[in-house]
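Asker: Attaching a single structure in structure tokens format; questions to follow.
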Amino acid sequence: LAHFEERYDILAPHFSVYVRKQLEEMFGPEVVYRGGLRVYTTLDLDLQEQAQCVARAHVRRLSGEDEATVIQEALAEGCEAAQFLPPLRPSSVGRDHNVSNASVVVIRPATGEILAMVGSLDYWNKDIDGHFNVAADGLRQPGSSFKPFTYVTLLSQGYNAAHMFLDVRKAFQQPNGIPYVPENYDRKYHGPQRLRLALARSYNIPAVEALSLAGVDNVIRTAHKMGINTLNRGLDYYGLSLTLGGGEVHLLDMVYAFSVFANGGRMYGAPVPEDRRRAGYRELDPITILAVYDRDGNQIYPPQDEPIPQEQEILSPQLAYLMNSILSDRRSRWAAFGHPNALELSNDRPAAAKTGTTNDFRDAWTIGYTPQLAVGVWVGNSDNSEMKYVSGATGAAPIWHAVMEYALQDEEIVPFVRPEGLVERAVCAVSGKLPGPHCPTVTELFIPGTEPTEHCDIHQVFRVNRETGRLCTVYTPPELCEERVYEVYPPEAADWLASLPEDKRPATPPTEYDTIYGPSRSDADVAIISPAPYSYIRGTVPITGNAKGGDFNFYRVVFGEGLNPTEWMQIGPDHGNQVDHNILEFWDTSGLDGLYSLRVSVVDHSMALREATIQVTVDNISPTLELTYPEEGARYELGYDEWVNVNAEVEDYFIARVEFYEYPGGKGSGPPEGLEPFAVRTVAPFNVNWTVKELGEHTFYAIAVDAAGNVTRSDPVTIRVVPREEGQ
């Protein structure tokens, strides 16, 4: 074990240097460099060389070299694993994706032994800083490959794999006041997603909500316990972006942590020395050294009374199996990853895997495992420069696939063993709750006590007049009424539903009642036809309706505050004329605000009283509206910043819509005539992303319209889009 200052024919140099450092820590540099030690390691040299060569071959393909030539040359040089590389996507063939480095770690979960450690594509290549061991020492953001820590924490708190997330636009509040508005990788929203689907498909918005529910501090504690030795800047440092890979980790730690899942919740490894132990962090390390003998043949490691590997239970077997079930669920992945994909192994071999891609394509990850093997792959550039559209699925997953196929080709297919203590229940495929008679159903696994107890409230039955499409009333002929099942979603799903093509939009129930049959409110002798009950009104309101029939003497119109007024005030004088579907009075609501009852009273000659009453909300106050983001004068770099987040804080009784506008130039230029909004939001959060496309100043403002028709325009905010700085 020598210093590698010059190039030598050193096998597995990164692994060798890693072992040498461990030996120095164990016995001191003097003992190590004096020589005479015989060291037996865990390295599988053949697997190490195959992992290295197949990583090089794939990076060559991503650099635009001819795919067939690369594979043929690799095979000719003994790289058998290259035959297992999945073909590139057509859009990637022949394109230089600006990628120069990769790292691979292979661990045997059942022992914690490191079988291969490819720290870089070429230890001797200074252009990629090849000496640097990305696997053990590189601090990189893991992207979505971090999500399993979030979801396993949430499951440990009593949530279940059927829990429904709404994958719709959401703005999460942060302590700094800047809303966090995550976007999915495909820049689309997918509506209701059960936890199983949300994780398998790697949707970001459900993951952020899961982190919000589980707690950032709890997720970090789970990650530490499972083997992540970083994320040590304090629990308050990391925000909701943590679940999307907003903290830095080591590839080796990620693979070791995922091996806990593979082991059914148990960690295997060598004890962490007492002087390096930290409260809350892992107490075992992956194993590289099996035995050390001195020059006289005496075994000096491991101690006779401390055999390795040692083991610890980190997760319950049931919790680990739930994660294995989700991460190996092929069908659940297909909507996002397609089929076939690089995360699927041949002969239907069960394999759990998670990809990760960081912002601007600086890092591409795939971490995955079977019961026999855990493999992690990182692809990127040593200088942290961006790759060109290289994701975890296209950059790292093919290498992961090839290493897995090569290593396991002669191994039996082993399933993840389901432990005792799990139950199966049928749930609604959409809501994840107990199914009603009209729900599509799926079977899900549950830890006892976490099964759903509520019935589905999304699939609801409505009686509808098949001729008019309106809701039936007691007067609608029964033979015209039919039961129809509709999907009823919370208000925050309104914009997502409206954005769907009509042929893909779930059927939502009608809101109007059938008025063709039976008496209607407008047919009554005493009635208020307009304004409608519970409507929002402002200014001077014409009141139309009926005041007629019977022993009519006169009518009056009155109003009172609240649902059951204690005091009534008359609008105008008594009227001696009968009214039929016409104006009853004009109501000046200026100075009023809130819920009011409005009544028309007909007094007969006999002094008998006939009345009709409705409730309305008077809203003469315009919404309060402020653009809280972006900040005035903020700078965005074209080609680096993907969008400008525009956030409107609005207060009012009921907002009908918020319109967002943008125009080039500063405030002085003013908006062009006929400017149309670039986005409209009808439900909170009133937040949009404006895609950065052109250099120069851009000014934003918003207009809020409430249900009564009051309109408010925000103060404008101007930002500047500048060219991207060199070296970014």
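Asker: Take residue 668 and decide whether it is out of contact with any strand residue (DSSP E or B) (no Cβ under 7 Å at 6 or more places or on another chain) and over 21 Å from residue 495 (Cα atoms).
Answerer: yes
Asker: Would you mind telling me which numbered condition in (1) of a type in the set (Lys, Arg); (2) over 14 Å from residue 701 (Cβ atoms); (3) free of Cβ contacts under 8 Å to residues at least 60 places away in the same chain residue 610 fails?
Answerer: (3) is the only condition that residue 610 fails.
Asker: Turning to a different aspect of this structure: Which of the residues that make up the stretch 477-523 are assigned to a loop (DSSP other than H, G, I, E, B), among the hydroxyl-bearing types (Ser, Thr, Tyr) and at pLDDT below 90? Reasoning before the result, please.
Answerer: Of all residues in the stretch 477-523, those assigned to a loop (DSSP other than H, G, I, E, B) come to 477, 488-490, 500-501, 505-512, 514-520.
Adding the requirement that they be among the hydroxyl-bearing types (Ser, Thr, Tyr) leaves 489, 508, 511, 515, 517, 520.
The answer is 508, 511, 515, 517, 520.
Asker: Same structure again: Considering only the stretch 530-542, I want to know if a residue exists there that is of a type in the set (Ser, Thr, Tyr) and farther than 24 Å from residue 595 by Cα.
Answerer: The initial filter retains those residues of the stretch 530-542 that are of a type in the set (Ser, Thr, Tyr), namely 530, 534-536, 540.
Of the ones still in play, those that are also farther than 24 Å from residue 595 by Cα are none.
No; the residues of the stretch 530-542 include none that is of a type in the set (Ser, Thr, Tyr) and farther than 24 Å from residue 595 by Cα.
Asker: Check 569, 607 and return the single one that is in contact with a Phe, Trp or Tyr (Cβ under 8 Å, 6 or more places away or on another chain) and over 22 Å from residue 653 (Cα atoms). Break it down into steps so the answer makes sense when it comes.
Answerer: Details: 607 fails: in contact with a Phe, Trp or Tyr (Cβ under 8 Å, 6 or more places away or on another chain).
Just one listed residue meets the conditions, 569.
Asker: Is at least one residue of the stretch 585-604 touching a Phe, Trp or Tyr at 6+ places or on another chain (Cβ under 9 Å), modelled with pLDDT of 95 or more and acidic (Asp, Glu)?
Answerer: yes
Asker: Within the stretch 326-346, does at least one residue satisfy the condition of being in a helix (DSSP H, G or I), over 25 Å from the mean Cα position of the chain (by Cα) and over 25 Å from residue 227 (Cβ atoms)?
Answerer: yes
Asker: Quick one: which of 443, 473, 468 is under 30 Å from residue 328 (Cβ atoms) and not hydrophobic (A, V, I, L, M, F, W, C)? Steps first, answer last, please.
Answerer: Working: 473 fails: under 30 Å from residue 328 (Cβ atoms); 468 fails: under 30 Å from residue 328 (Cβ atoms).
443 is the lone residue from the list that is under 30 Å from residue 328 (Cβ atoms) and not hydrophobic (A, V, I, L, M, F, W, C).
Asker: Could you list, in sequence order, the residues of the stretch 443-485 that are among the hydroxyl-bearing types (Ser, Thr, Tyr), closer than 30 Å to residue 196 by Cα and buried (at least 17 other Cβ atoms within 10 Å of the Cβ)?
Answerer: Correct list: 450 only.
Asker: With (1) modelled with pLDDT of 95 or more; (2) loosely packed, with under 15 Cβ neighbours inside 10 Å as the list, and residue 58 as the residue in question, which single condition is left unmet?
Answerer: Result: residue 58 fails condition (2) only.
The rows are residues; the columns are (1) in contact with a Lys or Arg (Cβ under 7 Å, 6 or more places away or on another chain); (2) charged (D, E, K, R); (3) closer than 19 Å to residue 708 by Cβ; (4) surrounded by fewer than 16 Cβ atoms within 10 Å (Cβ to Cβ).
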| site | (1), (2), (3), (4) |
| --- | --- |
| 544 | no, no, yes, no |
| 569 | no, no, no, yes |
| 605 | no, no, no, yes |
| 608 | no, no, no, yes |
| 642 | no, yes, no, yes |
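Asker: I'd like to check something: does the stretch 361-383 contain any residue that is in a helix (DSSP H, G or I) and either touching a strand residue (DSSP E or B) at 6+ places or on another chain (Cβ under 7 Å) or touching a residue at least 40 places away in the same chain (Cβ under 8 Å) (or both)?
Answerer: no
Asker: Restricting the stretch 298-314 to residues that are assigned to a loop (DSSP other than H, G, I, E, B) and in contact (Cβ under 8 Å) with a residue 12 or more places away in the chain, which is surrounded by the fewest Cβ atoms within 10 Å (Cβ to Cβ)?
Answerer: Per the stated criteria, the residue is 306.
Asker: Something else: Select from the stretch 135-164 the residues that are surrounded by 24 or more Cβ atoms within 10 Å (Cβ to Cβ) and of a type in the set (Phe, Trp, Tyr) and write down the one among them that is nearest to residue 192 (Cα to Cα).
Answerer: Ranking the qualifying residues of the stretch 135-164, first place goes to 151.
Asker: In the stretch 190-223, how many are within 10 Å of the chain's Cα centre (by Cα), in contact (Cβ under 8 Å) with a residue 60 or more places away in the chain and within 25 Å of residue 435 (Cβ to Cβ)?
Answerer: So the count comes out to 4.
Asker: Could you figure out which of (1) surrounded by 15 or more Cβ atoms within 10 Å (Cβ to Cβ); (2) over 30 Å from residue 568 (Cα atoms); (3) among the acidic types (Asp, Glu) isn't true of residue 706?
Answerer: Residue 706 satisfies every listed condition except (2).
Asker: Can you pull out every residue in the stretch 262-282 that is surrounded by 21 or more Cβ atoms within 10 Å (Cβ to Cβ) and either at pLDDT below 95 or in a loop (DSSP other than H, G, I, E, B) (or both)?
Answerer: Once the filter is applied, which keeps residues that are surrounded by 21 or more Cβ atoms within 10 Å (Cβ to Cβ) and either at pLDDT below 95 or in a loop (DSSP other than H, G, I, E, B) (or both), the stretch 262-282 yields 263, 264, 265, 282.
The values are calculated or read from the model by the stated rules, or taken from the named source; none is laboratory data. No experiment lies behind these values; they were computed from the predicted model shown. Positions of Cβ are generated from backbone atoms using ideal geometry, with glycine treated the same way; all protein chains shown enter the neighbour counts.
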